[in-house]
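*Asks:* This is the structure I want to talk about, given as C-alpha cells.
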Amino acid sequence: MTRISSNLKAASLLAPASVFFAACGHGNQSAVEPSGLQAEHLSFLWWMFLAITAAVYVAVMVILVAAFFRTRRAVAEDDAELSPDPLREKRASSVVKAAVAVTVLTMFALMLVSFRTGRALDTLSQAQTPLEIKVTGQQWWWQIEYKDPTPSNMVTTANEIHIPVGRPIKLELVSHDVIHSFWAPNFHGKKDLIPNYPTTLFFRADEPGVYWGQCAEFCGFEHAKMRFMVIAEPQEDFDRWYSASQQPAPEPVTDSQKFGRDIFLKSVCTQCHTIQGTPANGRVGPNLTHVAGKPYIASGSLPNDRENLANWIADPQAIKPGIRMPMNTYSPEELNALVDYIQSLK
Amino acid sequence: MKLSIKLLVVLAFVLFGFASCEREERGFRVKTPDANRINTKRLTTLQAGEVIPEPDIKNEYEENAFALSEGKRLFSQMNCVGCHAHGGGGMGPALMDDKWIYGSRPDQIFATIEEGRPNGMPSFNGKLPDYQVWQIAAYVRSLSGLVPKSAAPGRDDDMQSREPENSTEKQEPKRVNAPQ
C-alpha cells in the first residue's frame, strides 16, 4: 500500500497542484502524511484521485490546445455542411462514444476504490480489546478521560491524548454544549461530537510521535484555538505516564508553593478546576492535577512556561477572548506564589 | 410628505440597530468591579427611626443577551440547579414564581448569592467574580419574567426543560416570609 501510494505520489508531483499541497504538509498535522492505518487508506485514496484527475486534466488540455492549432481543412466550393463526408462522420461518432465509455469507466473505478476505502476504514471497530478513551468537547478545550472498570484507575486530563503505539483506540466522543468535531488528520478523518448523541471513533497509531489535531467544526469565539495533541509512544512509556497520572498531585514543598496552594483553594479557581488530593474538585474547567508536566497550556495556544502561566491566570481574556475563565486580580506576590504552586504539579 | 415618512422609517431602523448593539454587546475583559459591592444586609421592611428608602440599583446585565445566557450557563455549572432545578425548585425554593423571601431586586439577589441564606443556601463570597454573580442574578430574575423579553434567552443550548425565558409571563414579585 505504502509503495503504491508513494509511486502515485511521485507520479502526481507532475501536477502543480500537488507541489502546492506537499508544501503545506507539516508532517505532524497532515492528512497526506499518515501515521495510522485509516489515514494511510485515506491518503492512498487522495493521491490516487489526484493522480487520475491530474491525468484527465492534462489530457483534456492537450486535446483543447491541439484543437486550437489544427489547420482547417479546405472546404469545397459547394456547401459542405449540407453534404457531410459519411466516413468522417462515422469516425467522429466513434471517437465521442469511446470518450464517453472511458469517462464512465474511470468514474466507476474511482467509485469502487472509494467504496473499498470506506469499508477498510471500519476494520478496526472489530478489535477485541481497544483502549477506551472518552473525549468531551468543551468550549474551547478537550477533556480526556481514560476509562477503567475501577474508578480509582481512571485518569482525567485535558488537550493531550497519550496512546500506546499499535493498539487500537476507541474514542467515545461527547459534547455538552455545541457541535464540535474531532480531527487528528494523521490518524483518521473527522468525527463530529454532537450534544446528547455520543459517537465513536476507532484509530491506531503505527509510528510513535507527537501529532496535532484540532476542532474542525466552528463552535464559537475560540474555535481556532481549540487544539489537542496526540502523543503516540511505546507501551512501556505509556504505562509509565498512565501510572504517574493516577497519582494525586504532589504536596507543596516550599513556603511559596504552600502559600500558592492556599490562594488556589480559597479563591475562585476551585469552582471550575480539580486538583486530585486537594478539596478542589470543580468539573467545569480542565483538571490541573499534573498540569506542570504538559508542554502547552490554553489548548495548545501557549508553551507552558512561567511567564505564560502568569499572564494566563491574570488575564486569560487577552489571550483567548471569550473563554469561560474570568480575569483575576491577584497581587504580584500572590500571583508569583500561585505560579510556583502550579509549576510544582508535575 | 412621502419623503418624510421614508426618512422616519429609515430613522426607526437606525434607532432599532443602536438598541440591538447594547443587547448584543459582549464584555469579556471584566475586572471585578469593586464599586458593585453593596451593603444590603437589611432583611426586614421595618426600620428604626428615619426611613431610608430602598436603593434603586439597576443591573445592566438584564438588558444584555450575552450576559443573560452566561448567567444561564453558570446557573447550571455552579450547581444552582442542584437545589432550585431549572427554576421549578426542589430542595430549594422555586425561582420562577412570584414569591420572594429575601427580595426580588437585583441587589437583593446579588446579596443572597454572595452571603448565603439560612436553611441551605451557600455563600459564594470569594468563589465567583462579582460580574458573574451579577450575571446569575440577572438570569434568576429572567426566570419569572422580570427582565426585558427582547434580551432574555429564547432557548437552551442543551435539553429544554421549561418554556424559554423570553416567553415567560411576568410574575409580579410578592414578599413572603418562608418557603411555600
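FYI, it's all coordinate maths here, none of it is from the lab. Values in this document were obtained by computation on a predicted structure and should not be read as measured data. Note that we place each Cβ from the backbone using ideal geometry, even for glycine, and neighbour counts take in every protein chain shown.
*Asks:* Given the options A:GLN343, A:ASN28, A:ALA66, identify the residue whose Cα lies farthest towards the positive end of the charge dipole of the protein assembly as shown (+1 on Cβ of Lys, Arg; -1 on Cβ of Asp, Glu).
*Replies:* So the residue we want is A:ALA66.
*Asks:* Shifting gears a bit: Counting only chymotrypsin sites (Phe, Trp or Tyr not before Pro) that are in a DSSP loop and have at most 16 other C-beta atoms within 10 Å, tell me the longest site-free stretch of chain A.
*Replies:* A:1-217
*Asks:* Once the Cα atoms of helix A:86-120 and of chain A are each reduced to a long axis, what angle between those two axes, in degrees from 0 to 90 to the nearest 10, is obtained?
*Replies:* Compared with the principal axis, the helix lies near 20 degrees.
*Asks:* Now for a different question. Taking the Cβ of A:PRO198 as the centre, find all other residues whose Cβ is under 9 Å away and add up their charges (Lys, Arg: +1; Asp, Glu: -1).
*Replies:* 0
*Asks:* Divide by every residue of the protein assembly as shown the summed helix terms, -39500 (n - 2.57) for each DSSP H run of at least 4, and state the resulting mean residue ellipticity at 222 nm, rounded to the nearest 500 deg cm²/dmol.
*Replies:* -12500 deg cm²/dmol
*Asks:* Continuing with the same structure: Lys and Arg at +1, Asp and Glu at -1: add these up for the other residues within a Cβ distance under 12 Å of A:GLN214 and post the number.
*Replies:* For residues surrounding A:GLN214, the net value is +1.
*Asks:* Answer rounded, prolate or oblate for region B:61-180, using the Cα gyration tensor with square roots of eigenvalues a ≥ b ≥ c: rounded when a/c is under 1.5, else prolate when a/b is larger than b/c, else oblate.
*Replies:* rounded
*Asks:* With +1 assigned to the C-beta of every Lys and Arg and -1 to the C-beta of every Asp and Glu, and no other charges, what is the dipole magnitude of region A:130-246 about the Cα centre in debye, to the nearest 20?
*Replies:* Working: 10 positive and 15 negative charges, 42 e Å.
Dipole size: approximately 200 debye.
*Asks:* Do any GluC sites (Glu not before Pro) in region B:45-86 lie in a DSSP loop with no more than 12 other beta carbon atoms within 10 Å, and if so, which?
*Replies:* On the way: sites: B:GLU50, B:GLU60, B:GLU62, B:GLU63, B:GLU70; in loops: B:GLU50.
Listed in order of number, the matching sites are B:GLU50.
*Asks:* Need one word for chain A: rounded, prolate or oblate. Basis is the Cα gyration tensor (sqrt eigenvalues a ≥ b ≥ c); a/c below 1.5 gives rounded, then a/b vs b/c decides.
*Replies:* Working: a/c = 3.44, a/b = 2.56, b/c = 1.35.
Verdict is prolate for chain A.
*Asks:* Rank A:TRP241, A:PHE203, A:VAL174 by how far each Cα sits towards the positive end of the charge dipole of region A:130-246 (+1 on Lys, Arg Cβ; -1 on Asp, Glu Cβ) and give me just the farthest.
*Replies:* A:VAL174
*Asks:* So which trypsin sites (Lys or Arg not before Pro) in region B:47-102 end up in coil per DSSP with only 10 or fewer other C-beta atoms within 10 Å? Please report the intermediate quantities before stating the final value.
*Replies:* Values: sites: B:LYS58, B:LYS72, B:ARG73, B:LYS99; in loops: B:LYS58.
Those satisfying the criteria are B:LYS58.
*Asks:* Using the Karplus curve 6.51 cos²θ - 1.76 cosθ + 1.60 with θ = phi - 60°, work out ³J(HN,Hα) for each residue of region B:5-13 in order, rounded to whole Hz, and write x for Gly and Pro.
*Replies:* With the stated coefficients, region B:5-13 comes to 5, 4, 4, 4, 4, 4, 4, 4, 5 Hz.
*Asks:* Can you tell me the 0 to 90 degree angle between the C-alpha axis of helix A:332-343 and the longest principal axis of chain A, rounded to 10?
*Replies:* Computed tilt is about 70 degrees.
*Asks:* Given Cα pairs under 8 Å that are at least 6 residues apart, what percent is the relative contact order of region A:255-343?
*Replies:* Reported relative contact order: 34 percent.
*Asks:* While we're on this one: Cα gyration tensor of region A:225-339, axes a ≥ b ≥ c as square roots of the eigenvalues: rounded (a/c below 1.5), prolate (a/b > b/c) or oblate? Please list the in-between numbers first.
*Replies:* Working: a/c = 1.79, a/b = 1.25, b/c = 1.43.
Here region A:225-339 falls in the oblate category.
*Asks:* Given the C-alpha centroids of region B:48-93 and region A:310-344, what is the distance between them in whole angstrom?
*Replies:* Here the answer is 27 Å between Cα centres.
*Asks:* Got a sec to turn the phi values of region B:146-153 into Karplus ³J(HN,Hα) couplings, 6.51 cos²θ - 1.76 cosθ + 1.60 with θ = phi - 60°, whole Hz, x for Gly and Pro?
*Replies:* Couplings: 9, 10, x, 5, 5, 9, 5, x Hz.
*Asks:* Explain nothing, just the number: relative contact order of region A:164-268, from Cα pairs under 8 Å at least 6 residues apart, as a whole percent. Walk me through the numbers before you get to the answer.
*Replies:* On the way: 155 pairs, mean separation 26.8, N = 105.
Averaging sequence separation for qualifying contacts and normalising by length gives 25 percent for region A:164-268.
*Asks:* Something else about it: Place +1 on the Cβ of every Lys and Arg and -1 on the Cβ of every Asp and Glu in region A:130-246, take the dipole about the Cα centre, and give the residue among A:ILE163, A:LEU193, A:VAL230 whose Cα lies farthest towards its positive end.
*Replies:* Value computed over the given set: A:LEU193.
*Asks:* So what is the relative contact order for chain A, in percent, with contacts set as C-alpha pairs under 8 Å and at least six apart?
*Replies:* The normalised contact order for chain A reaches 15 percent.
*Asks:* Pairing the Cα long axis of helix A:255-266 with the longest principal axis of chain A, what angle in degrees results, from 0 to 90 and rounded to the nearest 10?
*Replies:* That helix lies at roughly 80 degrees to the long axis.
*Asks:* Near the amide H of A:ILE161, under 5 Å away, which other amide H atoms are found, from residues 5 or more places off or on another chain, if H is placed in the peptide plane?
*Replies:* A:MET229, A:VAL230, A:ILE231
*Asks:* Also, I was wondering about something else. Please tell me which of these pairs span more than 20 angstrom C-alpha to C-alpha: A:LYS225/A:LYS294; B:LYS99/B:LYS170; A:LYS191/A:LYS225; A:LYS266/B:LYS72?
*Replies:* Correct reply: A:LYS266/B:LYS72.
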